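Each remark here refers to the structure printed beneath this line.
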Amino acid sequence: MMNSPHLHSGSPQDFEILEDSEHEQIVFCKDLESGLRAIIAIHNTALGPSLGGCRMWNYGSEAEALTDALRLSRGMSYKSALAGLPLGGGKAVIWGDSKRDKSKAMFRAFGRFVESLNGRYITGEDVGTSMADMDVIFEETSYVVGVSPRLGGSGDPSRYTAYGCLQGIRASVKEQLNRDTLKGIRVAIQGIGHVGQNLARMLREQDAEVIAADLDTEKCRKFCDEFDCEPANAEEILFVDCDVLAPCAMGGAINDDTIDKLNCSIVAGSANNQLAAKRHGKALADKGILYAPDYAINSGGLINVSLELEGYNRDEAVCRVKRLYDVLSHIYKIARAEGIPTNEAADHVAEQRLENAKHQSRRVWLAREHPSFIHRNQERSLPGSQSQLDLFG
């Protein structure tokens with residue numbers, strides 16, 4: 001018999017965290033049988049139910065895991081707002097080693113926690129988790145996107161994140177270098193994971209020159225050999241001579257220790273929280289480096305999976321992700337007109353949309369309010385796994 005989810009009860013300290021962070025809800029999840037330790041952070045549901053991936057990482061402490069969940073969920077609110085989606089921002093983090101600690105029981109337990117929130121949080125794939133993990137979560141809840149196509153989902157979102165990043169790089173090259181094509185543009189990619197690999201392939205198809213680095217040096221070498229990229233040392237990739245630096249690994253790459261050593265004209269990559277602090281956006285601008293705000297340029301995957309809530313259509317996903325060129329161009333226009341760093345311009349656009357939504361009818365988002373989930377729940381309740389194959393036609 002399955003255990004019911006056990007949600008951590010609130011303490012005075014928890015309310016202090018909420019007060020400082022402006023988050024609506026933080027859920028601490030623990031399942032003894034599977035070893036699950038997770039945090040779900042819901043930042044803002046003014047625009048709709050919160051959506052954000054589930055990251056699995058071997059954090060050094062609970063405080064570190066909480067900090068990551070809070071930062072990432074806030075970024076998802078801004079990302080959804082900037083992309084024009086009717087969604088709020090949330091994020092989940094599972095504390096553990098994704099290569100050693102994963103189990104089906106763990107992700108089913110996590111799925112039960114997500115289900116217990118009754119639609120206020122929709123989960124998905126992130127660092128350390130995969131489409132296969134999302135399929136397991138789907139056994140317990142409908143509130144998950146990025147499941148495999150056989151279950152009615154859109155599959156691995158990384159290629160759409162990469163495609164959106166490509167559009168952002170195109171807009172940035174036009175803004176900074178006044179170039180209409182990427183031919184001959186040198187792009188240094190930090191991190192050859194799913195997104196980094198897809199981005200490198202797309203850039204090579206555009207005749208850009210790609211320098212790539214990853215902590216897994218053997219994987220990077222093989223990839224570079226196959227796609228005619230130049231391999232670089234992971235410790236030096238941030239400082240190579242290039243037109244575009246594309247951080248596609250963990251956050252915080254742009255910080256006090258690295259910023260003065262950068263040798264690029266543009267920073268435009270898929271990583272979340274690329275700036276270690278907000279002030280680093282101004283520091284980049286002062287150096288004459290154009291920064292593509294991370295939660296704008298990396299929203300392609302979110303845009304793609306959000307279409308699962310409507311009924312997934314690949315052509316429509318590609319069309320909407322391509323519009324990120326215009327989103328970045330608009331941000332750059334505002335930054336130029338107001339004389340502010342691009343990250344501040346992006347924040348202003350997102351915050352204005354969130355503020356406008358606050359003055360409309362506010363409510364707690366429940367499953368019955370979203371017809372897509374009613375349909376999904378009906379399909380999941382039918383006997384036999386084949387009932388899940390054509391959820392969206």
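Please treat every number below as a calculation from the coordinates, not as lab data. What you are looking at is a predicted structure, and each value in this text was computed from that prediction instead of being measured. Heads up, the Cβs are rebuilt from the backbone with ideal geometry, glycines too, and the neighbour counts pull from every protein chain shown.
A protection proxy built from the mean count of other Cβ atoms within 10 Å ranks the segments 296-303, 47-54, 111-118, most packed first, as 296-303, 47-54, 111-118. Counting only residues at least eight positions apart within a chain, or on another chain, the lysines with an alpha carbon under 26 Å from that of Lys222 are Lys99, Lys183. The order of the peptides 221-231, 66-76 by mean Cβ neighbours within 10 Å, most packed first, is 66-76, 221-231. The shape of the range 29-169 comes out rounded: with a ≥ b ≥ c from the C-alpha gyration tensor, a/c is under 1.5.
Long hydrophobic helices in the chain, taken as whole DSSP H segments with a C-alpha length of 20 Å or more on their own axis and mean Kyte-Doolittle hydropathy at least 0.0: 324-338. Packing-based ranking of 103-110, 208-215, 29-36, 243-250 yields 243-250, 208-215, 103-110, 29-36, ordered from highest to lowest mean Cβ neighbour count within 10 Å.
Within straight-line reach of Lys104, meaning a Cα separation under 24 Å, sit the following lysines at least 8 residues removed in sequence or on another chain: Lys30, Lys91.
Working note: Cα atoms of the range 158-349, range along each principal axis, descending, whole Å: 43, 41, 29.
Under 22 Å of direct C-alpha separation, and excluding same-chain neighbours fewer than eight residues apart, Lys282 reaches these lysines: Lys79, Lys174, Lys261, Lys333.
Applying D = kT/(6 pi eta Rh) to the range 119-253, where Rh is the Kirkwood radius over alpha-carbon pairs, T corresponds to 37 °C and eta to 0.692 mPa s, the Stokes-Einstein value obtained is 204 µm²/s.
When the alpha-carbon atoms of the chain are used, the pair Rg, Dmax equals 20.5, 63 angstrom.
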